[in-house]
Structures are given as structure tokens and as C-alpha cells.
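Remarks on the structure that follows.
Read-outs: derived from the displayed coordinates by stated rules, not from any lab. Since this is a predicted model, take the numbers as computed values, not measurements. Glycine gets a Cβ as well: all are built from the backbone with ideal geometry, and neighbour counts include every protein chain shown.
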Amino acid sequence: MPKKKMKKFDCEIAILGSGFSGLGAAMALEKRGISDFIIFEKAAKIGGTWRENIYPGAACDVRSIMYSYSYAMNPNWSRAFSPGYEIQAYVEDVAESHGLMGRVRCNYGVSALKWEEGGWTVTTEAGDILRARFIISALGPLHVPVRPDIKGFADFKGTMMHSAEWQTDYDVTDKKIVVIGSAASAVQIVPEIAKKAAHVNVMQRSANWIVPREDKVFAPWQKKLFKHLPFTQRLIRWKFYLFSDLRFSAFRGEHKWLNRIMKRMITRNMEKRIDDPELRKKIIPDYAIGCKRILLSDNYLETLNRNNVSLNTDGIDHINASGISTKSGAQIDADLIVLATGFDPTRMLGNIKVTGLGGVRLEDQWADKIQAYRTVHVANMPNFLMMVGPNSGLGHLSIIFMIEQQATYIAKLIAQMKKRDLKTVSVSRSVEDSYNMELQEALKTTIWHSGCHSWYQDKNGHIFSLWPHRTTTYWWHLKIAKMDALDFE
Ligand code: NAP
């Protein structure tokens, strides 16, 4: 039977996702004169994290000044740590001012990607089939909500919602609320809902290191200064950048003394903020600072002092029709259960079925270990380029920095390939493996390997989420990256 001829490409590049990384990739391509791309967005409007996470108190725990593209600084941030809706508005503004709105196909979720005949066949959730030579996966690692495996989950008769699926029409006033989880999302939600709720019970499984955020409103004169003399904002940005990247030493084993000093200072600060001595004991973690993400909050610990807030560390035995039964046998009734239980980064591609060279499924390839080469390329997946891919997350600085380096690298690579009339780029499994052996060796010296469990690791303790060095090293790593480690056709 004659072989079916594939249709020619509908676009040269399909970018999946229209959050910071998808738009960042698009802008980097445009800068290099490449405009034959389509941005696929599953939702009805652009954005990513900040379109999805609209729970009460949602705000960024990275300074606003650091949380923008370096080439599109925003003089209008209202606060040092801006609320989520303001970041979403910034993302929309950038897309608009860079002419990207028309390049995004909203309500266009992708369900499958298949490598065949020198390109990717993209199947959408609506059943459309398109062809693209390159895929830029810009989905981000934190978008598949974790629903904890707790007995009786389906028995609860009240309302249950994950932090990333907040029902904005739900009124928390005078409600009995249980929050499962006490990490980054919970510390933002609890202070807000406690203002109105009858009672909030926080179910804490592990304590977290919490430092003051020191949020403040930007005065009108500061905004004017940033607007008319943008270098002032850039200077401040540089100051925070350098300070934060230097602080990375505390995350590395070689400076244990630094971590110990930080631990002492932060413990003292946390204890000072809690009134009840019994409660004080519960909130101090038993692992090294930075092993899990350090949380920033000016009001979470203070909120635990309120009469209508309790911190429960008994552990959850099961969920029942009216609430939660703890391991100590207590019943906690709830009208609302909030799942502040995070996301599953091992499913960073969500439900998209990716089939690469020789029918290899990415899901199977990553079943044992999630890894990539230079955080961008994946073996057996030609022309598949990842933004915020394996080992490119950070525990100490703004992810936007990493996004910009990846976008620049990808755009440069595609531009070079076009210039040399090269059609495919891939990485061999052996190159990817030896790269990751080095990466994992470096990770062993970091604080993330010091014995706690976090979403930075998979179930076997393999750290696949974080970059093990300073961000300046990452910048240099991608900047000088030689193309001869890759295979081209
Ligand atoms: P997370 O850091 O993964 O924390 C999940 C919480 O749920 C933890 O306290 C965890 O306890 C608890 N948990 C999970 N399963 C449980 C179970 N079966 N029983 C009891 N407790 C359970 O999730 P997150 O707070 O949503 O934050 C995720 C990431 O999103 C953050 O690390 C951060 O990168 C990002 N984020 C950023 C911001 C921002 O401002 N930029 C805000 C929110 C989130 P254990 O610690 O014991 O596992």
C-alpha cells in the first residue's frame, strides 16, 4: 500500500502555552525575525499561573521588580510583591504591546503530539490536526493540581476546592473551613479567609520555614521615578538579583555555617511572631532551611494567633461526610475543604500524549527519571524544545530570569538552523545521560538533598525540578552552549 503523504506544515513552530514562557519564547523568536509560529492556549484567555491561581490573597512571593521581562519592566507595580491579578494584567499588556494577542489561539488545548516524517503532528482537544516542524513546550511545571490520596475523599458533602481551582462565587463568610496543606499557597489563603470565616483549621503535615515578606506599597513618586528614569528600576533589579544569587551559597553544602546562622535568625523571628508556646513548637521545621521552598509572609504566622484559627498537626485519618477525622480521633467539621496541596510537576506535560522517534512515549521514557539535556532538549524527541523543563526551576530567584535565557537559546538555535537549512535537531540518550549524571552529582551537594521531601524530587528522591548552580552559571551555560553536542539533519 502506498505510504500516506503527510500534509505540509501549518506553521513552523507550535508554542504550547501563553504564560510567561510561551510569550517569552514568542518574543525571542520575533526578535530574531522568526514569526511563523502559533501559540496554542487551552483556556479562554492568555496567561498561565496568574490566570489560574485566583484564590484569596494570591500574590507573587518574588519581588515584582524581579518578576517581569528584563526588556519590559513595569513601572506601575502597586506593591513590592504584587497581587496575582496585577501580574495577569501585566502579562496581557506585554502580549498586547508586542502584537502577540492575534498569535494566540485560545480554547485550543493540545491532546497529542506525534513525531512523524520530520515534523510534529499536533492533535487538539477539539480533534483538529495540524503539522509543525518545531514544538516549544511552555506549559510550566506547576499546573496539574494534586488531590491527596486520603481515605473517604469522595464522601464529603460540603464544598471542596483546590487552591488553583478557586470558585470565586463561594462566600467564605461565617463558614467552617479546613485547609489541607500549609505551604506557599496556604500561607496566602489562610490570612485572607480567616478575616471572614467562622473558623479555619489548618491541617499541617510538615512545618515550613517562613520569613517576613516585608511587602510595601510603592509610593506615587517611586512609580514616577521608575517611569521617567527607568534605569533606577533597573538598578534596584540588579541589586536584588545579585544579592539573591549570592545568597545561593546558603543552599550549597559548602557553606553549612551560613545555613546555620540563617536557621537561628529565622527560628527566632518565627517564634517571636507566635503567642502560644505550644503552637510555637509546631511551626518550627525539623529540616534544613531551603530544603523545601522558603515561604515569605507578613501575616500567616500572625493569623495563627487568631481565636478563629487552629493549626492541627495530628494528621488526617480520613475524610467523611461532614469534615475530617484526625489520627487522634477528633472530628473537625467543615463547610469548605481547601486543598492547598500543590501540583504534580512529574506531569508537566499534563494530559498531552507525546510520542517521539520510533514510537517512544515521553511518559514511558520519563517513568523512571525525568531528565533533559541543557534543561531544553529531550532524547528521542527531535525539534521538541522545553521552557522551564527538567532541572530549570529555582529555589532562590525569579523564574523569569531562567525563562529569558531559555527563550534566547531556543530562538538562537532555530535561527541558526534556518540559516544553515537544517531541519531537525535532537540529542542522543547517551549525551543526555552523562549531562544528567553531572547535574545529579552537583545536586547532591545542595540543601535540597538534605533529607526532606518536596515537589523538587520524584518518589525516588531524584531531584528533577531545580537547577543546581547559580543563575549566572545557567546564563553562561546556555550562552556558550556549543551546537556540536546535538545532532542535526
Ligand atoms: P506545595 O508546596 O506542594 O505544598 C503542598 C502542601 O500540602 C504541603 O504543606 C504538603 O505537606 C501538603 N499536603 C500534600 N498532600 C497532603 C496530604 N495528603 N495530607 C496532608 N497534607 C498534604 O504546594 P503549594 O503551596 O500550592 O505551592 C506549590 C508551589 O507553587 C510553590 O512551591 C511555589 O513554587 C508555587 N507557588 C508560588 C507562589 C508565589 O507566590 N510565587 C504562591 C503559591 C505557590 P508536606 O509539606 O508535608 O508535603
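In degrees from 0 to 90, rounded to the nearest 10, what is the angle of the helix 20-31 Cα long axis to the longest principal axis of the chain? Between helix and principal axis, roughly 30 degrees. Across segment 70-145, C-alpha contacts under 8 Å between residues 6 or more apart give a mean separation that, scaled by the residue count, equals a relative contact order of 15 percent. Taking the empirical scaling 2.2 N^0.38 Å for compact globular proteins as reference, the chain has a Cα radius of gyration ratio of 1.01.
Ordered by the count of other Cβ atoms within 10 Å of each Cβ, fewest first, 361, 420, 273 give 420, 361, 273. Would you be so kind as to identify which of 111, 28, 166 lies farthest towards the positive end of the dipole of the chain, taking Lys and Arg as +1 and Asp and Glu as -1 on Cβ and the Cα centre as origin? Result: 28. If the Kirkwood radius is taken over C-alpha pairs of segment 279-405, then at 25 °C and 0.890 mPa s the Stokes-Einstein diffusion coefficient equals 129 µm²/s.
In this structure, the residue pairs whose Cα-Cα separation is over 30 Å, taken from 239/459; 176/272; 157/195; 157/292; 42/412; 216/263, are 239/459; 157/292.
Using the average count of surrounding beta-carbon atoms within 10 Å as a protection proxy, the listed peptides 444-452, 475-483, 197-205 rank, highest first, as 197-205, 444-452, 475-483.
In this structure, the pairs whose alpha-carbon distance is over 18 Å, taken from 256/444; 281/444; 423/479; 8/423, are 281/444; 423/479. Among 57-69, 30-42, the peptide with the highest mean count of other Cβ atoms within 10 Å heads the list, and the full ranking is 57-69, 30-42.
Among the cysteines of the chain, those whose beta-carbon sits 4.7 Å or more from every other cysteine beta-carbon are 11, 60, 106.
Relative to the longest principal axis of the Cα atoms of the chain, helix 399-419 runs at roughly 10 degrees. Helices in the chain, meaning DSSP H runs of at least 4 residues, each add -39500 (n - 2.57). Divided by all residues, the mean residue ellipticity at 222 nm is -9000 deg cm²/dmol.
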